[in-house]
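Peer 1: My questions all concern the structure below.
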Amino acid sequence: MINKLIAGIFLPLFFFSCSPSEKQTTSAEEGFTFVFLTDIHLKPEMGAVEGFQMAIDTVNAMHPDFVITGGDLIDDALRASHGRADSLYQLYHEMSGGFHMPVHNAMGNHEHYGYSADPPVDPSDPDYGEGMFERLIGERYYAFDHQGWHFMVLDGTARSDQGGYEGRVEEEQMDWIRRDLEKVDPATPIVLVTHIPLVSVMPQIQHGPLYADNQGTLIMNQQEVLAPFRNMNLKLVLQGHLHALEEINLMDRVRFITGGAVCGYWWRTPDNSDLQEGFLQVKVVGDDFTWKYIDYGWNTGISSRP
Ligand SMILES: [Fe+2]
């Protein structure tokens with residue numbers, strides 16, 4: 001088991017090419033700041049509109065260069081009727097227009113329309129799966145550059161043969177990742193964004209060292225997804241989905257950060273919870289970065305654990 005892990009994860013990552021001697025001077029010497037807001041779970045109920053507005057106001061007061069969202073923007077399209085899903089997307093579209101800076105959205109499992117609907121949605125419906133997101137929000141995987149850094153946003157949710165969703169990057173998207181990286185200088189710092197995590201210790205923390213989680217918790221073809229980055233300068237992987245805050249620093253080269261949740265525990269976070277509703281602030285200088293978790297002050301008034 002350990003040998004398999006080492007061979008499968010750590011050895012490939014060990015060969016990532018970003019030794020100090022290869023560090024390049026980027027145009028980001030002055031630095032820039034961005035925020036990562038994941039797992040918003042916006043809906044008209046539970047005070048979520050007021051909570052999200054508080055998060056937006058907090059972000060605007062911080063003046064980051066841009067916002068990245070980490071998926072689970074709405075709650076939800078997986079099971080909802082077409083009308084409910086559409087209205088939630090419209091609500092998100094309207095409210096996210098309140099950010100005073102560009103917003104780069106990532107798609108979460110809860111944005112995939114119809115995967116768990118009852119009665120079932122016909123897969124030929126153009127809004128099925130990723131269709132509604134693409135129609136109302138934009139591309140579900142794409143890249144952009146900012147001050148010498150390359151950002152890649154993935155959609156790591158796929159339809160499961162057993163029904164519902166699973167963590168997997170499909171072949172079409174894998175082809176895009178490989179093609180996109182061909183255009184990137186190996187020394188360029190890269191940030192990868194994925195709702196469903198590629199790497200996390202949360203299943204082991206919660207259930208023990210030998211626990212193997214279900215197909216919806218992590219991206220199952222993680223090794224295939226990370227392989228094209230082996231000789232690139234992957235610095236940071238921003239993840240959501242688990243409503244947990246963790247940082248995994250692998251070989252002091254790649255950091256995997258699961259970014260808490262704007263909604264905390266689905267807008268029910270107790271005052272004494274380990275995780276408060278919040279988001280990440282990331283400050284980049286040169287080809288390095290620091291981060292902190294911003295508790296934007298939402299309080300449900302619940303004092304016992306969920
Ligand atoms: Fe979530």
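Peer 1: Rounded to the nearest 0.05, what FRET efficiency do Asn231 and His207 have when you use their Cβ-Cβ distance and R0 = 41 Å?
Peer 2: 0.75
Peer 1: In 10 Å bins starting at 0, how do the alpha-carbon pair distances of segment 32-294 split up by percent?
Peer 2: Pair shares across the bins are 7, 31, 38, 21, 3, 0.
Peer 1: Could you calculate the FRET efficiency of Gln162 with Glu30 from 1/(1 + (r/R0)^6), where r is the beta carbon distance between them and R0 is 41 Å, rounded to 0.05?
Peer 2: 0.25
Peer 1: Next question, about the same structure. Work out how much length Glu45 to Arg84 would gain on full extension: take 0.36 nm times their residue separation and subtract the Cα-Cα distance, in nm to one decimal.
Peer 2: Answer, rounded to one decimal: 12.8 nm.
Peer 1: Starting from the Cα gyration tensor of segment 36-159, take the square roots of the eigenvalues, sort them a ≥ b ≥ c, and report rounded, prolate or oblate (rounded when a/c is under 1.5, otherwise prolate if a/b is larger than b/c, else oblate).
Peer 2: It comes out oblate by the Cα gyration axes.
Peer 1: Sticking with this one: Which peptide among 175-184, 73-82, 129-138 comes first, and what is the full order, when sorted by highest mean count of other Cβ atoms within 10 Å?
Peer 2: Answer by packing, highest mean first, reads 73-82, 129-138, 175-184.
Peer 1: Taking every Cα atom in segment 163-306, find the radius of gyration and the maximum pairwise distance Dmax, and write them in Å.
Peer 2: Over segment 163-306's Cα set, Rg and Dmax evaluate to 16.8, 51 Å.
Peer 1: Let me ask another. Which is farthest toward the positive dipole end of the chain among Gly131, His146, Gly260, measuring Cα position about the Cα centre, with Cβ charges +1 (Lys, Arg) and -1 (Asp, Glu)?
Peer 2: My answer, from the dipole projection, is Gly260.
Peer 1: Still on this structure, please answer the following. Quick one: putting +1 on the C-beta of Lys and Arg, -1 on the C-beta of Asp and Glu, what dipole do you get for the chain around its Cα centre, in Debye to the nearest 20?
Peer 2: For this selection, approximately 700 debye.
Peer 1: Using a 10 Å cut-off on Cβ atoms, rank the peptides 50-59, 261-270, 140-149 from the highest mean neighbour count down.
Peer 2: Result, highest mean first: 261-270, 50-59, 140-149.
Peer 1: Ok, one more. Evaluate the relative contact order of segment 116-268 (contact order divided by residue number), counting alpha-carbon pairs under 8 angstrom at least 6 apart; express in whole percent.
Peer 2: 19
Peer 1: What is the set of long-range amide H partners of Ser160 at a cut-off below 5 Å, with H atoms built 1.01 Å from backbone N?
Peer 2: HN-HN under 5 Å from Ser160: Tyr165, Glu166.
Peer 1: Give me a comma-separated list of calculated 3J(HN,Hα) values for segment 111-123, in order, Karplus coefficients 6.51, -1.76, 1.60 applied at θ = phi - 60°, integers in Hz, x for any Gly or Pro.
Peer 2: 8, 7, 6, x, 4, 10, 6, 9, x, x, 9, 5, x
Peer 1: To continue, here is another question. Remind me, relative contact order of the chain in percent, using alpha carbon pairs under 8 angstrom and six or more residues apart?
Peer 2: Relative contact order comes out at 22 percent.
Peer 1: In segment 184-258, which chymotrypsin sites (Phe, Trp or Tyr not before Pro) are in a loop and have at most 11 other Cβ atoms within 10 Å, using DSSP for the loop call?
Peer 2: For chymotrypsin sites (Phe, Trp or Tyr not before Pro) across segment 184-258 that sit outside H, G, I, E and B with at most 11 neighbouring Cβ atoms in 10 Å, the list reads Tyr211.
Peer 1: Residues of segment 141-182 with backbone nitrogen within less than 11 Å of a virtual label 7 Å along the Cα-to-Cβ line of Glu134, please, listed as ranges.
Peer 2: Only 141 fall inside the zone, counting backbone N under 11 Å.
Peer 1: How much length is gained on full extension from Ser124 to Leu250, taking 0.36 nm per residue of separation minus their Cα-Cα distance?
Peer 2: 41.1 nm
Each value in this text was obtained by applying a stated rule to the coordinates, not by laboratory testing. All figures in this text were calculated on a predicted structure; none of them were measured in a lab. A quick note on method: Cβ atoms are made from the backbone with ideal geometry, for glycine too, and the neighbour counts reach across all protein chains shown.
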